[in-house]
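Read the structure below first, then the notes.
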Amino acid sequence: MMLTNLSSNKKLLIWCAQCLIFIFTLLFLLVTEPIKINANLTSLFTKQTDNSWYAAQQKINAGANTKQIYLIGHKELLTASQAAEAFIKQANNISGVDGVVGKLSIIPDQTTMINSYQGFEHQLLSPEFRQSLVDNDKNRTFQLQFELINQIGDQLVANTLQINPTLSFANYLNRSPFPQNKIVLSNDGYLTISHEKLTYVLVTLNTPEGALNVNVAKSIVAQLNEIKKQEGIEYIRTGGIFYSDDASRTAQTEMQWLGGLSMLATLLLIYLSYRRISAVITTLMLISISGLYGIIGLNIFFVEVNILTMVFAVTLVGIAVDYSFHSFTELQYVNPKKRSPLSTIRISLLLSFTTTALGYALLVVVPIDLFKQIAVFTIFGLFGALVTVLLLYPALHHKLDFSRTKSPVLYKQCNLLHKRLLDRLMGKSVIPLVVCCVFAGFIADMLFIDFSDNPKTFYQVSSALKENETQVKKVLGQKFDNQYLLIKGQTPQALLEQEELLLPTLNQLIDDNVVGSYQAISNWLPSIKQQKMNNSLLVNANKNGQFSQLSALLGTQVTVKQVTDDFLTPDIWLTSPLGKMFKHLWLEDEGTVYSVIRFSGINDVTTLSNRLASLEQSVFVDTLADAERDLSRFRQVMLIVFAIAFVAAFFVFTIRYGWKKALVGVLVPVMAFSIAMLVSGLIQTTVNLFNVAAGLVILALGLDYSVFYAEHGFAESITQTTLMSACSSIFVFAMLGFSSTPAVASFGQTVFVGIVITFLCSPIITYISEGKGRND
Amino acid sequence: MNRFLIALITIYFSCLSNVFAQDVAVVDTEQVKPSSVQNKTKVIDAFKTEQGIASFTQEKHFSFLSTPIKSTGVIKINQGNVLWQVNTPVFSKLLIIDNQVWQQAQIKTQYGIDEIYNKVATHASIETLINTIFTGNIDEEQWDASYKNEHCVALKPKDTVLSKAILTLELCLDEIATIRHVEITDAQKNITKIQLTQTSTTLSENDVNEFIIQ
């Protein structure tokens with residue numbers, strides 16, 4: 001309150017001082033740890049650092065985002081591989097790319113697969129072979145052995161017979177480690193795929209984990225685009241960085257257009273209202289300062305912000321500019337020489353900032369980074385705007401004189417029209433009417449609104465990217481699905497044993513056609529416990545003459561080596577050519593070991609999830625379903641937050657204006673929200689979390705209007721400020737409604753409808769005669 | 001007596017005409033026999049089979065075994081898909097449908113033993129090999145074909161994975177039109193000889209049903 005007694009010049013000095021402090025803070029933060037902007041659409045939620053499962057998942061997901069795929073196709077294999085070679089040569093020079101691979105040296109042939117188990121051949125058994133030994137079924141064992149010998153064009157028997165005459169090792173290796181077999185290795189070592197009369201060469205770009213950072217992604221994609229494409233060659237590509245680049249371009253375009261247009265409209269509105277260029281320039285400065293404070297807030301609290309935060313940041317223009325409206329409307333009636341020209345509206349401004357900031361602060365309870373970033377940006381931005389209005393505007397008024405002799409006729413007419421409209425609608429029973437409207441709104445919402453929590457519907461990727469991804473999937477055929485099973489063990493052996501216990505369940509899922517196949521490390525690396533059992537089975541089977549038919553066929557005596565202490569372990573096997581292919585399924589994190597089981601061809605994800613839910617030491621990870629479930633929960637949390645905000649506002653209003661005014665003042669934005677949700681539901685078919693989030697903005701702005709009407713009555717000046725505020729907000733949010741990003745558009749549409757209704761209905765508070773405040 | 005002579009002469013000429021007719025038929029067959037095929041394209045074309053049944057005998061000569069491993073069975077071809085059934089010495093069934101290999105397996109159920117097909121993920125492109133051998137569909141993207149003699153073409157795999165397993169594949173036509181010979185030499189010089197004898201050019205409904213995977 002001390003500030004109120006200060007002269008305009010001293011206020012200006014204080015404003016300059018705090019402004020300098022903030023600017024230096026920003027500069028310091030920008031130099032020491034500049035904020036990064038990411039477009040990683042998969043990291044929507046706040047990192048749960050205390051959850052070890054979550055940390056492991058994040059590492060697995062981060063690894064998956066580092067591969068970018070190019071398919072280079074031509075009808076002639078030679079031409080396609082030459083084009084691929086040229087592409088690889090140039091792409092390898094791109095800064096930010098760790099490596100470009102066309103020839104896959106890591107894919108083991110039969111000899112390297114055999115070598116991957118060198119010295120351990122007598123302790124490996126396939127489930128079928130093991131079963132035939134357990135059952136002591138000589139015929140079945142011989143059938144498995146003969147099928148191998150008789151196999152056309154395969155050399156497994158020839159290559160392993162000397163080291164394991166029982167053929168159990170050949171049987172163990174008689175399968176492919178590859179998830180699908182559409183990929184063919186060409187003579188010169190390229191991975192090629194034939195599809196619709198074209199032969200494609202598969203080229204993989206490895207990018208660092210931070211490549212989804214907008215600037216890095218943009219730089220890599222720009223350099224990739226500069227690579228000269230050969231005529232007649234088809235280039236198809238997909239990967240996280242392309243989505244990141246696309247998202248940043250869309251966001252940038254939208255920020256420029258939506259932000260630019262809304263700001264232009266707002267400034268035009270100011271000029272038409274106050275007829276002064278100085279007012280326009282001052283407001284422009286207020287918006288800039290507000291944005292600067294928002295950026296400072298983001299820099300203080302976040303290391304990385306989502307690109308969508310920058311799109312949502314446009315909303316700050318609509319809210320911050322309100323302070324300018326309130327101030328100019330007040331200043332036009334105040335003598336520039338007055339010591340505190342904004343003293344009349346100071347409380348209203350502070351109350352307005354408090355309610356809005358509280359509304360946004362409530363967004364922080366939702367564990368979605370995006371909402372937290374929007375909240376911090378807006379609160380800091382509004383604080384900057386408030387400080388500027390209270391400290392800078394009096395000095396500017398003193399120098400520039402914003403006072404005028406008469407207010408525009410338009411607002412007078414609007415005030416009259418608005419009054420007439422509400423006079424007709426409002427009888428004596430104002431409260432029952434508002435309560436009925438709110439109740440009807442909620443009933444209609446429950447009947448007509450369908451919620452969708454699928455995060456995929458929040459983003460709109462370009463059709464070119466979508467087409468490319470579809471084409472890549474078509475060409476590559478069956479790929480691993482996004483869902484996987486994550487298993488935890490305290491030691492590598494405990495983990496392998498845990499996996500082995502799960503294998504029967506997984507095989508049953510294949511038999512039941514729930515999944516097409518799966519990839520598990522224990523299928524290729526048995527635990528020491530299993531290796532001991534396998535060797536013991538082989539030794540006993542040989543003693544019992546179970547390989548007699550094979551011995552007779554080969555004309556030699558089959559022998560088995562007894563193993564006592566030399567066993568294959570993950571640290572040895574994962575460095576072998578075959579093991580390297582499975583390394584991505586093995587993760588060691590802070591003393592705990594994790595393994596991943598990947599599925600392909602999932603036919604029934606619900607059954608899969610249900611069957612795997614009860615397994616011990618493991619979690620079924622379905623990122624999309626998990627996100628959907630979390631979003632649904634957050635939506636409910638947000639509605640609870642909304643209810644808390646409602647109660648809190650009602651409590652504060654009751655203290656100042658009495659319960660009747662408080663009830664109406666709070667119920668009007670609630671009613672506006674329920675109707676806005678209904679309208680959004682009818683327009684969008686399904687509504688989402690962002691529509692609900694819009695409710696908080698409606699509540700915040702609606703409470704602002706209620707405060708001003710309650711404080712100053714249904715006056716012409718308040719009609720002017722609320723109309724201007726509503727118009728500026730409508731410009732901003734209606735613009736957001738045109739965003740190509742569905743999440744942003746949902747938010748914009750709901751706020752737009754809500755603000756229109758709030759503006760029309762908020763003067764209802766003045767029809768309550770009881771309590772403090774003014775009634776007209 | 002005259003009547004007898006007339007009858008005798010009639011029978012003689014009738015037999016003579018049949019002999020001529022047979023000669024003509026032999027000449028017709030000669031025209032499409034492999035000996036008349038002068039280039040590899042014609043040999044390759046002669047190998048192509050869209051539909052049919054053949055019995056086979058297979059001999060695998062391993063360099064480290066004194067006697068070959070023998071097996072016999074039946075091959076069925078339907079619209080480019082292959083069913084390879086080994087009958088002796090042990091029974092096994094392999095289906096290749098749209099370049100995917102399926103192996104028949106028996107599983108124990110509560111009602112007894114059930115036969116199912118399991119997808120086989122191969123690492124030596126054997127589906128390419130089996131398709132080529134049994135359907136005669138030689139994809140020049142995957143094989144280097146060369147004309148060996150008037151009966152035979154020699155194929156070398158272009159695919160690196162397959163070329164590490166197979167050195168050459170020789171497809172030969174026999175003097176008898178229904179017989180074909182296949183000789184596979186693997187990377188370790190082990191030789192597999194297969195003789196195919198076509199028994200039918202059509203499939204019954206039951207045969208076609210065998211290509212349906214439940």
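The values are calculated or read from the model by the stated rules, or taken from the named source; none is laboratory data. Remember, it's a predicted structure, so these values are computed and weren't measured experimentally. FYI the Cβ positions are ideal-geometry reconstructions off the backbone, even for glycines, and counts take in every protein chain you see. For the accessible areas, the whole protein counts, side chains as well, though only heavy atoms, and no ligand, DNA or RNA atoms are used. Shrake-Rupley method; radii C 1.70, N 1.55, O 1.52, S 1.80 Å.
What average count of beta carbons from other chains do you get within 10 Å of the Cβ of residues in B:56-69?
Per-residue shielding by partner chains comes out at 3.
Tell me which residues come under 5 Å, amide H to amide H, from A:Lys36 once H is placed; ignore anything under 5 positions away on its chain.
When sequence neighbours closer than 5 places are left aside, the close amide H contacts are A:Glu304, A:Val305.
By how many degrees, 0 to 90 and rounded to 10, does the Cα axis of helix A:623-657 deviate from the longest principal axis of chain A?
Compared with the principal axis, the helix lies near 20 degrees.
Quick check on packing: order A:442-449, A:523-530, A:312-319 by the mean number of other C-beta atoms within 10 Å, highest mean leading.
With the highest mean Cβ count within 10 Å placed first, the list reads A:312-319, A:523-530, A:442-449.
Relative to the first principal axis of the alpha-carbon coordinates of chain A, what is the inclination of helix A:52-64, with its axis defined by its Cα atoms, in degrees from 0 to 90 and to the nearest 10?
So the inclination is approximately 80 degrees.
Taking a probe of 1.4 Å and counting only protein heavy atoms, give the total accessible area buried between chains B and A in Å², rounded to the nearest 100.
3200 Å²
Could you tell me how far the Cα centroid of segment B:158-214 sits from the Cα centroid of segment A:712-737, in Å?
Using only Cα atoms to place each centre, the spacing works out to 82 Å.
Scan around A:Gly516 for amide H atoms under 5 Å from its own, H built in the peptide plane at 1.01 Å from N, and keep only partners 5 or more places away or cross-chain.
Answer set, sorted by chain and number: A:Ser600, A:Gly601, A:Ile602, A:Asn603.
Less than 15 Å Cβ to Cβ from A:Gly359, Lys/Arg counted +1 and Asp/Glu -1: what total charge do the surrounding residues give?
Cβ neighbours under 15 Å give a net charge of -1.
Roughly how many nanometres apart are two label points built 7 Å out from the Cα toward the Cβ at B:Thr72 and A:Leu615?
With each label point 7 Å from Cα toward Cβ, the separation is 4.8 nm.
In whole percent, and with a 1.4 Å probe on the protein chains, what portion of the accessible area of the protein assembly as shown is carbon and sulfur?
Taking all protein chains in place, the protein assembly as shown shows 58 percent carbon and sulfur surface.
How many angstrom lie between the Cα centre of segment A:470-525 and the Cα centre of segment A:88-103?
Cα centroid to Cα centroid, the span is 31 Å.
Where the centre of each part is set by its Cα atoms, how far does segment A:142-169 sit from segment A:366-415, in angstrom?
Using only Cα atoms to place each centre, the spacing works out to 82 Å.
Would you calculate a helix-derived [θ] at 222 nm for chain A, using -39,500 (n - 2.57) for each DSSP H run of n ≥ 4 and dividing by the full residue count, to the nearest 500?
When only DSSP H runs of four or more count, the value is -19500 deg cm²/dmol.
Rolling a 1.4 angstrom probe over the protein chains, ignoring ligands and nucleic acids, what is the accessible area of A:His584 in square angstrom, nearest 10?
110 Å²
Looking only at chain A, where both bridge partners belong to it, what percent of the DSSP beta bridges are antiparallel (to the nearest 5)?
90 percent
Leaving out ligands and nucleic acids, and using a 1.4 Å probe, what accessible area per residue does chain A come to in Å²?
For chain A, the per-residue accessible area is 42 Å².
With θ set to phi - 60°, apply the Karplus curve 6.51 cos²θ - 1.76 cosθ + 1.60 along segment A:226-242 and write out the HN-Hα couplings as whole Hz, x wherever there is a Gly or Pro.
Rounded to whole hertz, the list is 6, 5, 5, 8, 7, 5, x, 9, 9, 10, 10, 9, 7, x, x, 5, 6.
What Kirkwood Rh does the protein assembly as shown have if only Cα atoms enter the pairwise 1/r average? Answer in Å.
34.5 Å
Please report the net charge: other residues with Cβ closer than 13 Å to the Cβ of A:Ala91, K and R +1, D and E -1.
+1
Note every residue of segment A:140-159 with a reduction of at least 50 square angstrom in accessible area, all protein chains present versus the isolated chain, computed with a 1.4 Å probe, or write none.
Flagged in segment A:140-159: A:Phe146, A:Glu147, A:Ile149, A:Asn150, A:Ile152, A:Gly153, A:Gln155, A:Ala158.
Provide the per-residue ³J(HN,Hα) series for segment A:413-426, in order, calculated from phi with Karplus coefficients 6.51, -1.76, 1.60 and θ = phi - 60°, each as a whole number of Hz, with x at glycine and proline positions.
Couplings: 5, 4, 4, 5, 4, 4, 4, 4, 4, 6, 4, 5, 6, 8 Hz.
Kindly tabulate the residues in segment B:180-213 with an accessible-area decrease of at least 50 Å² between the chain alone and the assembly of all protein chains, using a probe of 1.4 Å.
B:Gln188
Which angle from 0 to 90°, rounded to the nearest 10, does the C-alpha axis of helix A:343-361 make with the longest principal axis of chain A?
Around 10 degrees separate the two axes.
Net charge near A:Met533: determine it from the other residues with C-beta under 14 Å of the C-beta of A:Met533, scoring Lys and Arg +1 and Asp and Glu -1.
Around A:Met533, the surrounding residues sum to +1.
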